[in-house]
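Here the structure is laid out as structure tokens; the discussion comes afterwards.
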Amino acid sequence: MRKPVSIAVTVGMPHAEERDEDNLSREHNDDGDGGDDIATVHKLHRGGPSAVRDLRKFTSALEAMCEAFMQRDNHGLEDAASDARDALNDMISE
């Protein structure tokens, strides 16, 4: 029996400079303030159940992409990728 494919999407606050290994600022954007991450969290919080629904739609499409890839289903992969694109577009547009 095959194990189901799972994907984790995490949302959180950026690490403080002193907690970043080697001070490489990998979790931060180019200006180093991490403002985009905080804005995303606030947008998800303000969006409430609708934002959560959009996020679930996106992660479901990513899971479908993984499953289609593992099944070597090119048509299913393209459909799932299209669904993921649409779901992501719904999440970022207001």
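Below, the figures for the structure above:
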| read-out | value |
| --- | --- |
| Residue list for region 73-94, filter: part of a helix (DSSP H, G or I), within 20 Å of Ala51 (Cα to Cα) and open to solvent by 50 Å² or more (accessible area, probe 1.4 Å) | Asp83, Arg85, Asp86, Leu88, Asn89, Asp90, Met91, Ile92 |
| Filtered residue count, region 50-72, keeping only those that are open to solvent by less than 100 Å² (accessible area, probe 1.4 Å), out of contact with any Leu (no Cβ under 6 Å at 6 or more places or on another chain) and more than 16 Å from Pro4 (Cα to Cα) | 4 |
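The values are calculated or read from the model by the stated rules, or taken from the named source; none is laboratory data. Computed from a predicted model, the values in this text were never measured in an experiment. Every residue, glycine among them, receives a Cβ derived from its backbone with ideal geometry; neighbour counts consider all protein chains shown. The protein model used for the area step is the full one, side chains on, heavy atoms only, and it has no ligands, DNA or RNA in it. Shrake-Rupley method; radii C 1.70, N 1.55, O 1.52, S 1.80 Å.
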